[in-house]
Amino acid sequence: LSLPTPTGIADLTIIGLLPQRLEPGNEEVLVTLGEAQALMDAPGKINMIEANFNTTDQAERGAIQASIEAALGSGYTIGVLQAGAEILDRLVLGQVIINILGGLGLLMGGFIIFNTFRTVIAERRRDIGMLRAVGASRRTITWLILVEGLIQGVAGTVVGLVLGYALANLAIQAITPLMQQFLNVRFGAPTITLNALIGSIAMGVGITLLAGLLPARAASRITPLEALRPSPGEFSLKRLTGASFWAGVIMVALAIAALLSANSALIGLGGLLFVLGLILVAPILVNPVALLFSKLLALVFARDGTAQLAEGNLSRQPNRTAITAATTMISVAVVVMAASIISSLGTSFYDLLSKSLGSDYLLIPPSVSLWGSNVGASPKLAENLRAIDGVAVVSSTRFAGAQINDTPVGLLGIEPRAYTEVSGLAFSQGDPETAYQALETGRAMIVNGPLASSAGIHLGDEVPLLTPNGQQTYRVVGVASDFLNAKTNTAYVSHANIQADFGRSEDVLIQMNLLPGANVETVEAAFREAIALYPQFRLVAGQEYVNQNFKLFESAFAGMYVLVVFLSIPSLIAMVNTLAIGVIERTREIGMLRAVGSTRRQVRTIILAEAIILSAIGAAFGIAAGLYLGYMATKAIGELAFPMTYQFPISGVLLVVAAGLVFGALAAVIPARQAARMEIVQALRYE
């Protein structure tokens with residue numbers, strides 16, 4: 001077995017085979033401790049001590065562990081300080097983001113189910129009246145609707161679980177090549193935990209029942225006489241009171257105050273308050289907003305006079321209109337938020353990428369970010385590279401796993417002067433020149449945004465760092481990030497300190513710049529000859545690697561756009577439901593319009609105008625919410641990863657406006673066709 005080591009290739013004879021490991025990552029090779037220390041250029045070093053207890057009694061085992069901890073002191077960790085632990089902490093943030101998107105999807109689903117039940121009740125109004133007339137109680141009507149909702153909820157949940165597993169499988173297949181290329185990690189089939197399964201079933205069925213409860217209670221309150229008479233009643237929620245409106249106004253005001261505070265935690269809370277506030281004030285704003293859009297639409301349908309009729313139909317049902325607009329608002333807000341993030345990341349990401357990886361050449365290990373799983377090279381390789389004619393500067397990066405209190409940290413050792421010539425950090429706090437100088441004198445460190453956030457670290461703090469030589473105190477001289485470690489808990493120290501406190505002299509990333517006028521082909525050939533004994537490295541040109549990562553960035557956000565499309569489709573369904581129920585409730589009214597001379601085309605135009613106004617209301621609220629959420633997300637990324645500048649997503653806003661018009665027109669197709677085909681006599685005799 002030819003094994004890459006820090007000192008070159010070592011040839012080992014295989015004397016036994018182990019079963020395949022269950023954990024992802026590099027496979028194991030077992031040798032004696034002495035040979036491992038020689039191969040890894042770490043004489044006298046050990047990473048871990050394993051011990052078996054002589055009892056299975058939990059109390060005794062706890063006492064033994066307490067005795068071990070007392071004997072060892074604070075310089076050791078009981079348990080596993082695993083390679084890549086610093087990135088696992090960041091996965092929690094990713095799960096939170098996915099859960100937020102899932103919550104938005106469930107919220108929109110709840111609105112759609114609510115509108116669907118309202119449509120069902122409107123269609124079966126006379127049936128409900130007949131049941132009440134022959135003795136059915138309110139409880140019977142309520143349970144009738146809820147049992148139907150339960151059946152639909154169970155069916156929808158089962159289909160959703162199957163589709164969810166299929167989509168997860170497709171996502172894993174899509175991301176596996178990227179994970180293998182950059183992190184050297186392979187994935188198996190999607191794992192479904194019992195908690196996730198129970199939670200999904202509870203939410204799927206529970207939201208269906210909750211969304212159907214309000215229409216069911218409203219249907220049960222209808223008296224037989226009211227249900228059987230021709231004029232349809234109101235099946236919506238009670239009109240929002242003045243208190244609800246002012247509560248929404250207060251929420252919006254608090255959200256704006258949180259935005260001005262520039263505090264990421266308050267801005268995050270403000271995003272929730274802003275969306276809820278818009279939902280509460282929406283019914284009151286429906287009339288003026290609908291009137292404004294109807295006047296604009298009247299310019300298009302000036303001869304028909306249909307825009308005013310459409311506006312009146314929506315204004316008569318502000319609650320229903322507001323509920324549908326809220327569904328559209330959420331989907332639009334997600335689109336605008338994604339557009340804000342992408343437009344802001346576009347420039348910030350490329351600048352950081354060019355700054356961090358903008359050297360002429362790089363030696364890349366199998367896994368980036370998960371540095372602890374790589375085998376690097378001894379300092380001799382960097383010395384050989386510096387000796388090549390045409391090379392101006394060589395900068396190497398070293399790695400050690402550490403802890404600050406209970407927070408895992410990936411510690412990177414850099415040469416400040418050489419590092420600033422080939423690369424650089426994007427600072428959010430502290431002066432770069434002062435920070436780099438401080439790294440060369442005493443125990444100083446620069447921390448990145450994720451570490452500062454998760455460990456509660458601030459500029460100027462003295463922090464305890466767990467090292468193989470015991471706990472050492474380091475001073476924080478800056479908060480800054482680079483591209484490769486923007487998502488993990490990372491700190492930057494000098495080569496001297498990582499050597500003294502961790503015994504690490506192994507280079508895991510090397511960057512090189514050439515002299516002006518150097519012969520690129522000759523130098524590149526010399527590079528390949530120098531790394532021939534180090535197959536763990538891949539030689540890439542700096543600009544090539546920047547372009548490669550930028551393509552990865554574009555692919556990742558293409559996936560986000562696909563997710564956004566999934567979240568946008570429900571708003572179309574919600575509009576179709578609202579327009580359909582409007583047609584059902586206004587059957588006699590449509591018959592009267594046809595009787596006094598309205599053409600089928602004019603009826604279709606009324607429904608189309610309603611749909612466009614409805615989508616415009618949702619888009620207006622959604623753009624406002626999306627801009628706030630986009631700024632919030634940009635601010636959070638700036639604090640947790642790397643500095644970002646907010647860019648107004650003009651292209652995203654224009655896309656939303658265009659999509660709103662298209663969605664409105666599509667939503668109107670079926671209800672408009674249904675309304676236009678009504679026979680006048682049958683419509684007038686309805687109920």
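The values are calculated or read from the model by the stated rules, or taken from the named source; none is laboratory data. All of these numbers come straight from a predicted model, not from anything done at the bench. Virtual Cβ from ideal backbone geometry, glycine too; neighbours counted across all protein chains shown. Accessible surface is based on the protein model in full, side chains and every heavy atom, while ligands, DNA and RNA are left aside. Shrake-Rupley method; radii C 1.70, N 1.55, O 1.52, S 1.80 Å.
So the values come out like this:
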| item | result |
| --- | --- |
| Where a residue in segment 120-144 is over 26 Å from R588 (Cβ atoms) and its partner, wherever it lies, is assigned to a loop (DSSP other than H, G, I, E, B) and modelled with pLDDT under 80, with Cβ under 9 Å and at least six apart | R138/R221 |
| Subset of segment 368-403 [open to solvent by 20 Å² or more (accessible area, probe 1.4 Å), at pLDDT below 90 and among the hydrophobic types (A, V, I, L, M, F, W, C)] | L370, V375 |
| Close pairs from segment 19-31: first modelled with pLDDT under 80, partner not in a loop (DSSP other than H, G, I, E, B), Cβ under 8 Å, at least 6 apart | G25/S373; N26/S373 |
| Candidates R229, R221, R239, R217, filtered to the one that is in contact with a Ser or Thr (Cβ under 7 Å, 6 or more places away or on another chain), under 30 Å from R126 (Cα atoms) and either modelled with pLDDT under 75 or of a type in the set (D, E, K, R) (or both) | R217 |
| Failed criterion for T488 (all others in (1) β-branched (V, I, T); (2) assigned to a loop (DSSP other than H, G, I, E, B); (3) more than 30 Å from L385 (Cα to Cα) hold) | (3) |
| Residue under evaluation G442, criteria (1) open to solvent by less than 30 Å² (accessible area, probe 1.4 Å); (2) closer than 28 Å to G44 by Cβ, criterion not met | (1) |
| Filter result (open to solvent by 90 Å² or more (accessible area, probe 1.4 Å) and touching a helix residue (DSSP H, G or I) at 6+ places or on another chain (Cβ under 6 Å)) within segment 124-145 | R138 |
| Where a residue in segment 402-415 is farther than 17 Å from G449 by Cα and its partner, wherever it lies, is open to solvent by 20 Å² or more (accessible area, probe 1.4 Å) and not hydrophobic (A, V, I, L, M, F, W, C), with Cβ under 6 Å and at least six apart | G413/R398; G413/H495; E415/H495 |
| Residue match in segment 518-536 (condition: modelled with pLDDT of 90 or more and in a strand (DSSP E or B)) | no |
| Test for V422: is it buried (at least 22 other Cβ atoms within 10 Å of the Cβ) and under 18 Å from I364 (Cα atoms) | yes |
| Residue check, F648 closer than 30 Å to L345 by Cβ, of a type in the set (F, W, Y), at pLDDT below 80 and out of contact with any Lys or Arg (no Cβ under 6 Å at 6 or more places or on another chain) | no |
| Sole exception among (1) touching a residue at least 12 places away in the same chain (Cβ under 8 Å); (2) within 30 Å of E383 (Cβ to Cβ); (3) aliphatic (A, V, I, L, M) for A36, by number | (1) |
| Test for L345: is it modelled with pLDDT of 70 or more and either outside any helix (DSSP H, G or I) or farther than 30 Å from A633 by Cβ (or both) | no |
| Of all residues making up segment 368-389, the number that are hydrophobic (A, V, I, L, M, F, W, C) and over 43 Å from the mean Cα position of the chain (by Cα) | 2 |
